[in-house]
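K.L.:
Below you'll find the structure I mean.
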Amino acid sequence: MTMMNVEIISREIIKPSSPTPHDLRNHKRSFLDQLAPTTYIPIILFYQPKINGHHVDHQVQRSSRLKKSLEQTLNRFYPLAGSVKEDHSIDCNDEGVEYYEARVACNLSQVLQHINVEALNKFLPFEPYRIKGAKPGSREVLLAVQYNMFDCGGVAIGVCVSHRIADGASATTFLGAWSATSRGDHVLEAVCPNFDAAKYFSPKDIPWGLGDIGVTKENIVTRRLVFDKSSIAALKEKASSAVGFSQLKFPTRVEAVSAFIWKSLMAISKSKPAQERVNVAIHAVNIRQRMVPPMPIHSFGNLWYFATAILSPHEELDRGSNYGILASKQSNAIKEIDGDYVKKLQTDAIPESLTKSVELFSKGEVEFYKFTSWCRFPLYEADFGFGEPTWVCSPSMPFKNLVVLMSTRDGHGIEAIVNILEEDAVVFDSNEELLPFVSWTIN
């Protein structure tokens with residue numbers, strides 16, 4: 001991506017257009033909210049310019065429309081305009097969200113033709129792992145937006161949603177409602193989120209903090225891998241024909257791609273002269289529709305739990321069969337997160353699997369590989385009144401071996417954003433097994 005200058009030209013606080021009723025002022029975070037990292041969910045949506053002149057005028061008008069519709073949308077998503085209290089609940093006090101405007105000294109095409117995932121954070125209002133406000137002593141905002149205006153008339157909308165009260169599905173619900181309000185779609189505009197997750201998953205007394213587990217101070221580099229439809233079909237065939245996976249069915253496309261990346265990341269660990277570790281792939285699983293009865297699709301909060309696939313150092317994996325075994329382990333782990341499993345999450349004190357994972361992490365006995373899939377999220381439907389986005393991405397994050405999977409714009413392929421240690425990049429980039437299946441960006 002070309003060198004670019006992103007200049008902030010304005011900052012303001014956007015508040016709900018109507019005050020939040022008194023009986024809704026206190027939002028209790030759920031047990032699952034307590035487990036979420038104390039970071040932000042970063043999403044950037046890129047929009048092509050209209051085919052006419054007066055770029056600056058159109059960009060300013062769009063921004064005005066976005067701010068007005070954001071005020072209206074916050075009436076329904078009122079916790080996002082609130083503040084975190086000392087007891088970790090949310091005071092829905094209508095203090096508002098941050099909204100930035102920025103000018104980008106290049107054309108949008110220059111960014112999209114040579115994508116550098118790490119540099120994309122310039123289009124966000126702040127780094128996604130920033131916990132406090134923009135200035136020392138300022139409050140922790142739960143939502144911030146940056147509206148980026150390119151020389152050509154194109155725009156990028158960068159959003160940071162606090163993981164304290166939202167997951168990727170919740171962030172997508174918010175973007176869908178906001179974009180519908182902005183373009184005047186009164187049917188989708190009426191979508192009302194549910195904020196009662198704490199009734200299903202009451203807060204628990206957790207003896208250890210989870211917020212910053214996995215965040216590293218070491219240098220992280222990011223790779224963008226693109227798997228097209230034919231590559232995904234080949235991986236599914238490769239997994240199902242290998243030893244370890246049932247020949248009666250194919251893995252899902254997410255299982256096939258994530259197992260393939262898991263295998264590639266494990267090659268890094270094997271290249272180091274260190275003691276053998278247990279390899280654990282963690283997959284975030286949306287539990288809304290896995291509950292019995294299912295929760296409403298627009299339930300807001302961290303409504304996910306992690307499926308854990310474990311590979312011990314004593315399991316012998318020959319070169320021809322290990323991919324199938326990894327895909328099988330991931331598939332089985334995801335299937336275990338069913339209605340009965342979720343019911344135990346609701347009734348048990350603290351899940352034993354969670355306690356063990358924290359203990360192993362603190363001892364450094366495990367190599368964790370973290371996966372989250374946004375492939376079913378309708379992010380490419382976020383039309384704010386100036387067309388659907390050309391590209392949607394989640395930029396780099398300071399987590400070692402974190403993989404974010406997203407559908408390509410045509411819905412058939414998968415983009416994987418892979419975050420690895422800088423020192424591991426040489427091994428990862430030279431992995432010849434990746435070459436037949438992906439096109440990728442090396443920053």
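K.L.:
What number comes out for the charge environment of Asp338, summing +1 per Lys or Arg and -1 per Asp or Glu over other residues with Cβ under 14 Å away?
P.N.:
Working: positive: Arg288, Arg290, Lys335, Lys343, Lys344; negative: Glu336, Asp340.
For residues surrounding Asp338, the net value is +3.
K.L.:
Okay, moving on. If you restrict to DSSP beta bridges whose two residues both lie in the chain, what percentage is antiparallel, to the nearest 5? Kindly include the intermediate steps, with their values, before the conclusion.
P.N.:
Numbers: 57 of 75 bridges.
Expressed as a percentage, antiparallel bridges in the chain total about 75.
K.L.:
Can you tell me the 0 to 90 degree angle between the C-alpha axis of helix 168-183 and the longest principal axis of the chain, rounded to 10?
P.N.:
The helix 168-183 is inclined about 30 degrees to the chain.
K.L.:
Give me the one-decimal nm value for the distance between modelled label points at Lys270 and His412, 7 Å along each residue's Cα-to-Cβ direction.
P.N.:
Result for the modelled spin labels: 3.3 nm.
K.L.:
Past the 27 Å Cα-Cα mark, which pairs from Lys335/Lys370; Lys217/Lys329; Lys344/Lys400?
P.N.:
On the way: Lys335/Lys370 17 Å; Lys217/Lys329 31 Å; Lys344/Lys400 30 Å.
In this structure, Lys217/Lys329; Lys344/Lys400 lie more than 27 Å apart at Cα.
K.L.:
Between Cys152 and Ser17, what is the label-to-label distance in nm when each label sits 7 Å out along the Cα-to-Cβ direction?
P.N.:
If labels sit at Cys152 and Ser17, their model points lie 3.3 nm apart.
K.L.:
Counting other beta carbons within 10 Å of each Cβ, put Met397, Met266 in order, fewest first.
P.N.:
The fewest-first ordering by Cβ neighbours comes to Met266, Met397.
K.L.:
Give me the net charge for the shell around Ser10: Cβ to Cβ below 12 angstrom, other residues only, Lys and Arg +1, Asp and Glu -1.
P.N.:
Net charge around Ser10: -1.
K.L.:
Report the percentage of all Cα-Cα pairs in the chain whose separation exceeds 40 Å, rounded to a whole percent. Display every interim value, and only then the final one.
P.N.:
On the way: 17014 of 97903 pairs.
Across the chain, Cα pairs with separations above 40 Å total 17 percent.
K.L.:
Compute the FRET efficiency between Arg139 and Ser202 as 1/(1 + (r/R0)^6), taking r as their Cβ-Cβ distance and R0 = 25 Å, and round to the nearest 0.05.
P.N.:
Values: r = 26 Å, r/R0 = 1.05.
After rounding, the FRET efficiency stands at 0.45.
K.L.:
Would you kindly calculate the translational diffusion coefficient of the range 1-115, applying Stokes-Einstein with the Kirkwood radius from alpha carbon pairs, for 10 °C and a viscosity of 1.306 mPa s, and quote it in µm² s⁻¹ without decimals?
P.N.:
The estimated diffusion coefficient comes to 93 µm²/s.
K.L.:
How much net charge surrounds Val117 when only other residues with a Cβ under 12 Å from its Cβ are counted (Lys, Arg +1; Asp, Glu -1)? Each step should come with its number before you reach the end.
P.N.:
Working: positive: Lys122, Arg223, Arg224; negative: Glu118, Glu415.
Once positives and negatives cancel, what remains is +1.
K.L.:
In addition: At a Förster radius of 51 Å, what calculated FRET efficiency corresponds to the Cβ-Cβ distance of Asn5 and His186, to the nearest 0.05?
P.N.:
0.80
K.L.:
Hey, rough spin-label estimate for Lys85 and Cys106, points 7 angstrom out along Cα→Cβ, what's it come to in nanometres?
P.N.:
Simple spin-label model gives 4.6 nm for this pair.
K.L.:
Another question, then. First measure r as the distance between the Cβ atoms of Leu24 and Asp338, then evaluate 1/(1 + (r/R0)^6) with R0 = 35 Å and state the FRET efficiency to the nearest 0.05.
P.N.:
Numbers: r = 33 Å, r/R0 = 0.94.
After rounding to 0.05, the efficiency reads 0.60.
K.L.:
Straight-line reach from Lys68: which aspartates and glutamates fall under 19 Å, measuring Cα to Cα and dropping same-chain residues less than 8 apart?
P.N.:
Output for Lys68: Glu12, Asp57, Asp94, Glu95, Glu98, Glu101, Asp185, Glu189, Asp383.
K.L.:
So how much slack lies between Asp429 and Gln346, counting 0.36 nm per residue of separation and subtracting their Cα-Cα distance, in nm?
P.N.:
Numbers: separation 83, 0.36 × 83 = 29.88 nm, distance 4.25 nm.
Fully extending the segment from Asp429 to Gln346 adds 25.6 nm.
K.L.:
Let me ask another. With charges only on Cβ, +1 for K and R and -1 for D and E, what is the dipole size of the chain about its Cα centre, in debye, rounded to 20?
P.N.:
440
Only the coordinates and a few stated rules stand behind these numbers; no lab work does. All of these numbers come straight from a predicted model, not from anything done at the bench. For neighbour counting, all protein chains shown are included, and Cβ atoms are generated from backbone atoms with ideal geometry for every residue, glycine included.
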